[in-house]
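*Asks:* The structure under discussion is supplied below as structure tokens; questions concerning it will follow.
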Amino acid sequence: MEERLYDLIFICRPATPEEEIKKIITALEHTCAEKGGKIEKVEQWGTRKLAYRVAKHREGMYVYFQIKTTHGELISELERRLRVQDAVIKYLTIRLDEDLKRQQKLTRRRDKRAGRRSRRQAAAGEHAAAAS
């Protein structure tokens, strides 16, 4: 089965104690390990202003996870666990591997076109030199 890459960002209420956020992170890490996923990165971004009000809050504490997994059920389970947390006011999961594949495909096409252009220019240069 193909390994997939996900970004998971969740926002906690601004007054949430640091210990409670660490408990949430630990629970998500434990769930990830149980389900065979691998956490590539965990970052706490701190309190930031929200783009719009969420549950009457203008600020929130952001936490970022990057996860690799072969099982989509892991992401569903992580989202379920975030949904039942009182401290979490919003979360978002993004599948990155499709975007990365698309980006790599475009890069290959661009490189292929650039290679053709350089061969044409080289051939045109040789032709011009031979004509002189």
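The values are calculated or read from the model by the stated rules, or taken from the named source; none is laboratory data. What you see is a predicted model; the values in this text were computed from it and never measured. Here Cβ is always computed from backbone atoms with ideal geometry, including for glycine, and neighbour counts include all displayed protein chains.
*Asks:* Out of the residues in region 1-29 that are part of a helix (DSSP H, G or I) and in contact with a helix residue (DSSP H, G or I) (Cβ under 9 Å, 6 or more places away or on another chain), which is surrounded by the fewest Cβ atoms within 10 Å (Cβ to Cβ)?
*Replies:* Across region 1-29, the extreme among qualifying residues is Ala27.
*Asks:* So, Thr107, is that one more than 24 Å from Glu3 (Cα to Cα) and either surrounded by 15 or more Cβ atoms within 10 Å (Cβ to Cβ) or β-branched (Val, Ile, Thr) (or both) or not?
*Replies:* Criteria not met by Thr107.
*Asks:* Of all residues in region 71-104, how many are outside any helix (DSSP H, G or I) and either free of Cβ contacts under 8 Å to residues at least 24 places away in the same chain or loosely packed, with under 13 Cβ neighbours inside 10 Å (or both)? Quick ask: steps written out before the conclusion?
*Replies:* Of all residues in region 71-104, those outside any helix (DSSP H, G or I) come to 71, 84-96.
Keeping just the survivors that are either free of Cβ contacts under 8 Å to residues at least 24 places away in the same chain or loosely packed, with under 13 Cβ neighbours inside 10 Å (or both) gives 84, 86, 92, 94.
Number of matching residues: 4.
*Asks:* Pick out the one residue from Lys49, Lys41, Lys68 that is in contact with a Gly (Cβ under 7 Å, 6 or more places away or on another chain), in a strand (DSSP E or B) and at pLDDT 85 or above.
*Replies:* The conditions single out Lys68.
*Asks:* Taking only region 23-57 into account, find how many residues are under 14 Å from Arg81 (Cα atoms) and not acidic (Asp, Glu).
*Replies:* Qualifying residue count for the region: 10.
*Asks:* Could I ask something else about it? May I ask you to verify whether Ala15 is over 19 Å from the mean Cα position of the chain (by Cα) and over 19 Å from Gln85 (Cβ atoms)? If you could, list the steps in order and put the result at the bottom.
*Replies:* On the way: over 19 Å from the mean Cα position of the chain (by Cα): yes; over 19 Å from Gln85 (Cβ atoms): no.
Against the criterion (over 19 Å from the mean Cα position of the chain (by Cα) and over 19 Å from Gln85 (Cβ atoms)), Ala15 does not qualify.
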